[in-house]
Amino acid sequence: MRITLINPPYRCIPNEPRHATPPLGLAYLAASLRKAGHEVDILDAVVSGYTTEWLDSDGQRFYGLPVSAVAEAVASRRPELVGLSLPFAIVENVVGALAIAIKDHLGDVPIVVGGAQASAAPERISRMAGIDYVIAGDGERALVSLAAQISARHQPQPQPGLWWHDEQGVHGLPPQWHADLDMLPQPALDLIDVEAYYALDCMHGEVAAGLRSLPIATSRGCPSGCVFCSIHPLWGKRYRSHSAQYVLAMIDDLVSRHGVNHLLIEDDNFSFDRDRAKAILEGLVSRHSSLTWSTPNGISIATLDEELIALIKKSGCIRLTLPVESGDQETLSTIIGKPLQLSKVLEIARSCRRHGLPTSAFFVIGLPGETREAIERSLHFASRLEVDSLNVMFATPLPGTPLLAICEKQGLLDPGFSVHGLTTQNCQIRTSEFDAALLHRLARRALAIHALRNPRGVCRRVAAKARISPAATLAFMWRRMLGPA
Ligand code: B12
Ligand code: SF4
C-alpha cells in the first residue's frame with residue numbers, strides 16, 4: 001500500500017528561533033511500515049516551506065508549506081493511507097485543517113493522526129472532522145497493524161492505542177508500549193533529504209553553527225512524575241531504551257550514510273540507566289572521536305556525577321542542558337515533584353565548568369502554589385548559577401498533565417486560555433500570587449543579572465552563533481532581556 005506521512009507546519013513563536021529538525025518519529029514509523037512491505041514517503045511541511053510564513057483562519061502565524069500546498073503535494077502522490085503527525089497542542093488546528101484539505105483533494109483516503117498531542121487527547125482528536133483514526137503512544141506496531149487491516153479492506157478492529165469514532169460514539173483502548181525497543185528497525189532517514197536540514201542549519205538547541213546535526217532518541221519514557229510533564233501519555237512511565245549496541249550501530253550508520261558530525265540526543269532521560277549511558281559514551285570515544293553531541297531536551301541532573309561528566313566531555317559533548325526547573329527546593333520537591341536536590345545542581349554545574357563543558361539551564365516559573373517569594377528565590381538561584389546560558393520558561397498546562405488538572409480544578413486558567421497558546425513563552429496560569437506581567441518582569445531581570453555575571457557565556461553564545469553575526473545575537477539577547485511583556 002502507498003502511505004504518505006506528514007510533519008505539519010510549525011507555529012511562529014515570538015522570541016523563539018524557528019527550527020527545522022528531521023521528523024524522527026516519522027522516520028521510525030516509515031521503517032516499520034516499509035519492513036511490513038508498504039511503499040512509504042515522508043513530507044515535512046516545515047523544511048519544504050521554511051521561509052514561508054502565513055496566517056491560519058484564527059490569525060495564528062505559521063511557517064512551512066501552507067495547508068493547500070501540503071494537500072496538493074499529497075494528492076500528487078496518490079497515497080492509499082495518510083499519516084499526520086500532531087506533535088504539539090499549538091498545531092492542533094492546522095492538523096485539523098490539513099485533514100479536511102487532504103480529504104477535499106483525495107476523496108475518502110483514510111487519515112490517521114499520532115504524536116505527543118494526539119496521545120494526550122486521543123478522544124477529542126478522534127472526533128475532529130476529516131480524521132478517521134488516532135494512534136496514542138508508540139506508533140510503530142499500531143500503525144503497521146492498522147495499515148494491514150486497511151490494505152486487506154477489513155474494518156479495523158479494536159487494538160491497544162487505536163481510537164476512532166462512529167455513530168455509536170468514540171472507541172479506543174489505552175496504548176500497550178513496546179517493551180523491547182531494539183525490535184524496531186533503524187529509523188528510515190534515507191527517506192528524508194537530510195542535506196536540506198543541514199543547509200538550513202536551525203536544528204534544536206544552542207550549538208555551534210555549520211554542524212551537520214541529526215536527532216536521535218535512544219530511550220522512551222521517564223519514571224519521574226513532574227507536575228508539568230506531558231510525555232507520559234505518549235511514552236508511559238516505564239523507562240524503555242535501545243541497547244548500547246543498537247544505538248552505536250545507528251550512529252555508525254548516521255556517520256557513514258549521512259555524514260553527520262553532531263548528534264542531538266533528544267531523550268527525556270538519557271542517563272537513567274547509567275551502565276547503558278556509559279557504554280554508549282565509551283563507544284563514541286572508541287569509534288567516533290571527531291563526532292560531537294548535545295542534549296537540547298535536557299539530561300537528568302540527578303543521574304550525573306564527576307565520573308560521568310568526565311566521560312561526557314571526553315566523548316564529544318559540546319553543550320549539556322540542565323533542566324533544573326526551580327531554584328527553590330520547596331517548589332522543586334513539593335510542587336513540581338522532581339527528585340532533585342539543589343546541592344546536586346550546584347555540584348554538577350561546577351563539575352561541568354571544571355571539565356570545560358558548556359552548559360545551559362532551564363527554569364520554570366508560574367506554578368500553582370508558588371508564592372512570589374518562592375519565584376524570587378528560584379530566580380535568585382538561577383541568575384547566580386554557573387552556567388553559560390539561562391532559559392526561564394513559564395509553566396505550561398499541557399493536555400494530559402497533572403498541572404492542567406490542578407489548574408482546571410482550582411480555576412487558575414487565564415480567562416482567554418486556549419490549547420493554541422500552549423507555549424513555554426506564554427503565561428496562561430493566574431493565581432493571587434502572580435500574573436503574566438509580573439512573571440515576565442521577574443524573568444527578564446534574572447536573565448539580565450545572569451548575562452551580566454556571565455560575560456564568558458555571552459561570548460560563547462555569540463561565537464556559536466557567529467554565522468548570524470555577533471550584533472544579531474546581542475540584539476536577540478537584548479530583546480529577550482528588555483523586550484515588552
Ligand atoms: C525534538 C523536539 C522538538 C523539536 C522538533 C520535533 C520534531 N521534529 O518532531 C522542536 C525544537 C522544533 C520542538 C519544538 C516545540 N516543542 Co518539542 N519536543 C521535542 C522532543 C524533545 C523530542 C521529539 C522526538 O523526536 N521524539 C522521538 C520520536 C521517536 O518520537 P515522536 O516524534 O513523538 O514519534 C513517535 C510517536 O509520537 C508516534 N507518532 C508521531 N507522529 C505520528 C504520526 C502518525 C500518523 C502516527 C500513527 C504516530 C505518530 O510514533 C512515533 C514513533 O513511536 C519531544 C519530547 C519527547 N520526548 O518526545 C518534545 C515535545 C514533542 N515538544 C513539546 C512542545 C510543547 C514543544 C513547543 C510547543 C515548545 C515551546 N517552544 O513552547 C515547540 C513547538 C514548535 C513550534 N514552533 O510549533 C511537547 C509537546 C506536548 C504537547 N502535547 O503539546 C513535547 C512532548 C515535550 C514535553 N515534554 O512537553 N520540539
Ligand atoms: S524528569 Fe523530565 S521527563 Fe521525567 S517526568 Fe520530570 S520533566 Fe518529565
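What to note about this one:
- Whole-Å distance, taken between Cα centres, linking the stretch 56-125 and the stretch 263-309: 35 Å
- Spatially proximal lysines relative to Lys278 (Cα-Cα < 26 Å; intrachain offsets below 8 disregarded): Lys237, Lys313, Lys314, Lys338, Lys344
- In this simple spin-label model, placing a label point 7 Å from the Cα along the Cα-to-Cβ direction at both Gln186 and Glu306 gives a separation of 3.8 nm.
- Cβ-defined net charge surrounding Trp293, 14 Å radius [Lys, Arg +1; Asp, Glu -1]: +1
- Relative contact order for the stretch 191-265: 38 percent, from Cα pairs under 8 Å spaced at least 6 residues apart, divided by residue count.
- From the alpha carbon centroid of the stretch 209-228 to that of the stretch 405-421 is 27 Å.
- Built amide H within the under 5 Å cut-off of Val260, gap 5+: Val255
- Karplus (6.51, -1.76, 1.60) ³J(HN,Hα), θ = phi - 60°, over the stretch 352-363, in Hz, Gly and Pro reported as x: 4, 4, 4, 8, x, 9, x, 9, 10, 10, 9, 10
- Estimated translational diffusion coefficient (Stokes-Einstein, Kirkwood radius over Cα pairs, 37 °C, 0.692 mPa s) of the stretch 90-191: 227 µm² per second.
- Short-range pairs are left out: with C-alpha atoms under 8 Å and at least six residues apart, the relative contact order of the chain is 12 percent.
- Summary of packing: across the peptides 142-149, 304-311, 52-59, the per-residue average of other C-beta atoms within 10 Å ranks them, highest first, as 142-149, 304-311, 52-59.
- Ranking of Met203, Met1 by count of other Cβ atoms within 10 Å, fewest first: Met1, Met203
- The chain - share of DSSP beta bridges that are antiparallel (%, nearest 5): 30 percent
- For the stretch 203-482: relative contact order, % (alpha-carbon pairs under 8 angstrom, 6 or more apart): 17 percent
- Fraction of beta bridges assigned by DSSP in the stretch 203-482 that are antiparallel (%, nearest 5): 15 percent
- Computed [θ] at 222 nm, helices only, for the chain once each DSSP H run of length n ≥ 4 contributes -39500 (n - 2.57): -11500 deg cm²/dmol
- Rounded to 5, the percent of DSSP beta bridges in the stretch 2-172 classed as antiparallel: 40 percent
- For the chain, the Cys residues with no second cysteine's beta carbon closer than 4.7 Å are Cys12, Cys202, Cys222, Cys317, Cys352, Cys407, Cys427, Cys459.
Every number here is computed from the coordinates shown, using simple stated rules; none is lab data. Everything quoted here is computed from the prediction, not taken from an experiment. For neighbour counting, all protein chains shown are included, and Cβ atoms are generated from backbone atoms with ideal geometry for every residue, glycine included.
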